[in-house]
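The structure under discussion appears below in the form of structure tokens.
Each value in this text was obtained by applying a stated rule to the coordinates, not by laboratory testing. Computed from a predicted structure; not experimentally measured. A quick note on method: Cβ atoms are made from the backbone with ideal geometry, for glycine too, and the neighbour counts reach across all protein chains shown.
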């Protein structure tokens, strides 16, 4: 089976600061990969490269066999057109730490926007799909509420519905519980776990180690822009090989 | 002071005053609508990555904001025809007031745009929207709702500025007040009533705009 995501020798700098120093990674359909590591290790940047919210200078990312972001023209590397990149971005779904719901739209209209404007779906078709996903994340009763009228956990669930309603090949979760009050974390993690159980391919940056251990098929520990150690969760959390990972885990709440 | 107040000449001319008030409101409405369009373009221009666009937008905004509006009105009405752009009184005034409103609104919109969280644009990108669609469906509607109070203030200012149209004989409220004044010599009465009409009109407009703000504001 060909991988759904292939990252090869990915390099990314912010000015003089190189934050990704050659990342190689593959994911199969249905994989749930957690990126862990201290802040500044590059895990969020890696995630943002996958849906082209960040440019990258070297290396390649292939999504379902398609090179994203750049094409090579007789040895010259060129950024794809904005329209082309927008289309590729729609193949990935992203949930953000700060939810980023559109504050002037109700929950259901948040979910519908990508369907009607990117996928050019008819309103009623988009409405039905949006209803289905709001139901799935337990937010159907709040469909006509505005983001400002919802709790953080509820907003995040709507944001996840908005991303997944686009039917992406892979879902990206960027610290989706970090901005939440502790009592709201559970409801969001339950939604993520439900999607994982359903076979969704997912790449997540998380500080919830217990959750990463429970839900992941693979855990990747990043340090200083490189993959420092990776493996199945039992190995990463049960028998870490490097001192660095042992130190990191010792400092993380389990 | 011994002065016999006599308002009868003003009551006799109430229709003129009402017409003048109506025209003033119309001028302000049309100008703010056009000014919003100009202001949006200028605001995006000021924030553009392209130096030339930025320069043009900043030059426009600072030139207009540093010129007295009466001078702008006279310039557009008397000088532009010499340059081959001849407009009638009312179109000329609307043109001036729109350009003027655009420069002030550009500043309002610019700060509104800067204040938006970056995540809104990224969330739009993440669902596959292009930059233009993000502006149309997300950035502009959210920003406009956030700056509604400033927009209301600007509208009221513009409405008061329509009195300057009298300088080029646009028949709005101030123009008719002056006419009644000249014809009746009822100086105090005329200008008292004219002032009162402006005050009441501004209060009523402000009240309407507050209702509108509450209906359109982003719910919290």
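Side notes on the structure shown:
- Whether the stretch A:5-251 is rounded, prolate or oblate, judged on the alpha carbon gyration tensor where a/c under 1.5 counts as rounded: oblate
- The stretch B:33-91 - convex hull of alpha carbons, volume per residue in Å³: 97
- Peptides B:41-50, A:73-82 ranked from most to least packed give B:41-50, A:73-82, packing being the mean of other C-beta atoms within 10 angstrom over each peptide's residues.
- Rh by Kirkwood over Cα pairs, then Stokes-Einstein D for the stretch A:1-132 at 0.692 mPa s and 37 °C, µm²/s: 196
- Remark: spin-label model distance residue B:150-residue B:49 equals 2.5 nm, labels positioned 7 Å along the Cα→Cβ axis.
- Here the stretch A:144-254 yields Rg over Rh of 1.00, to two decimals, using C-alpha coordinates and the Kirkwood radius.
- Sorted on the mean count of surrounding Cβ atoms within 10 Å across their residues, most packed first, peptides A:35-47, A:179-191, B:24-36 read A:35-47, B:24-36, A:179-191.
- Annotation: the antiparallel percentage among DSSP beta bridges lying fully within chain A is about 60.
- Note on chain A: GNM, Cα springs under 10 Å; of A:225, A:148, A:69, the largest mean-square fluctuation is that of A:148.
- Normalised convex hull volume, the stretch A:96-194, alpha-carbon set, Å³ per residue: 90
- Between A:16, A:198, A:55, the GNM of chain A built on Cα springs shorter than 10 angstrom shows A:16 fluctuating the most.
- Residue mean of other protein chain beta carbons inside 10 Å, B:50-63: 0
- Gyration tensor (alpha-carbon) shape descriptor, the stretch A:34-85, a/c threshold 1.5: prolate
- In the elastic network of chain B, a GNM with C-alpha springs shorter than 10 Å, the most mobile of B:206, B:165, B:177 is B:206.
- Peptide A:98-107 shows a mean partner chain C-beta count of 6 within 10 Å per residue C-beta.
- Each 10 Å bin from zero up to the one holding the largest Cα-Cα distance in the protein assembly as shown carries the following percent of pairs: 4, 16, 21, 19, 14, 11, 8, 5, 2, 1, 0.
- Modelled label reach - residue A:83, point 7 Å along Cα→Cβ, the stretch B:103-141 residues with backbone N closer than 15 Å: B:129-133
- On a per residue basis, the convex hull of the C-alpha atoms belonging to the stretch B:1-157 measures out at 180 Å³.
- Each distinct pair of alpha carbons in the stretch B:118-220 adds a 1/r term; the inverse of their mean, the Kirkwood radius, is 16.9 Å.
- Average other protein chain Cβ within 10 Å of Cβ, residues A:108-119: 3
- Gain on full stretching of the segment that runs from residue A:197 to residue A:239 - 0.36 nm per residue minus C-alpha separation: 12.6 nm
- For the pair the stretch B:138-202 / the stretch A:207-254, the C-alpha centres are spaced 68 Å from each other.
- FRET efficiency for residue A:123 and residue A:8, using Cβ-Cβ distance with R0 set to 45 Å, rounded to 0.05: 0.65
- Cα shape, the stretch B:1-69, gyration tensor, a/c 1.5 rule: prolate
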